[in-house]
Amino acid sequence: MKKGLLIVLSGPSGVGKGTVRKKVFKDESLNLAYSISMTTRQPRNMEQDGVDYFFVSQDKFKEMIKENKLLEYTYFVGNYYGTPLEYVEKLRNEGKNVFLEIEVEGAKQVMERCKNDDVVSIFLIPPSLEELERRIRGRKSEPDNIIQERLAKAQKEINLSSNYQYVVKNDKLADATKRISQIIKKRMEMQKDI
Ligand code: 5GP
């Protein structure tokens, strides 16, 4: 059995990574597993612990860093976010293609740390910054200063999209989903040829 791919999806907050991911996961032939991140942020309305994130205290998060138990981590707009390493490795060793939905700093760490590994890096861009602002405001879950911070961060993140192997525009959900599925399929085929 081949070790699974490590698929990294980044893109500014509000671009629709989660929605695209959920659609991509419907295709069972892609053999995907989602890497549930750890965060110190408070859960939003419908979010569930152990499903959307592992919601932890700062102390717990710092302990994970100290014990080298994170594949990558970052501090993003007031909170820590990171990928538990053991879970990712376990799934990949079972042949699953593990999907990480993370921001640019963490993605950079993964690309450096797993240089010789089967990493598929994808950056999802919004049709425009105006549309992104409309989507973030539509979430109605954060105060204006946080929204402004997220938007400023979005511009910086978009500037780093060239570090990724693939850039996909999320204009129409169906098109973005199809493109990402195609990318994963292609990389799975390439993997078989090794
Ligand atoms: P949100 O608060 O909107 O759920 O997430 C904020 C940003 O952190 C998003 O861009 C999201 O993809 C990213 N993120 C979520 N989990 C992780 C993680 O484990 N590591 C890193 N580096 N970023 C993450």
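The values are calculated or read from the model by the stated rules, or taken from the named source; none is laboratory data. Predicted model only: the values in this text are computed from it and were never measured. These area figures cover heavy atoms from the full protein model, side chains too; ligands, DNA and RNA do not enter into them. Shrake-Rupley method; radii C 1.70, N 1.55, O 1.52, S 1.80 Å.
Relative to the compact-globule estimate of 2.2 N^0.38 Å, the Cα radius of gyration of the chain comes out at 1.00. Every helix of 4 or more DSSP H residues in the chain counts as -39500 (n - 2.57), and over all residues that averages to -13000 deg cm²/dmol at 222 nm.
Distance from the C-alpha centroid of segment 150-178 to that of segment 20-66: 20 Å, rounded to the whole angstrom. Rolling a 1.4 angstrom probe over segment 12-154 with all protein chains present gives an accessible area of which 47% lies on carbon and sulfur atoms.
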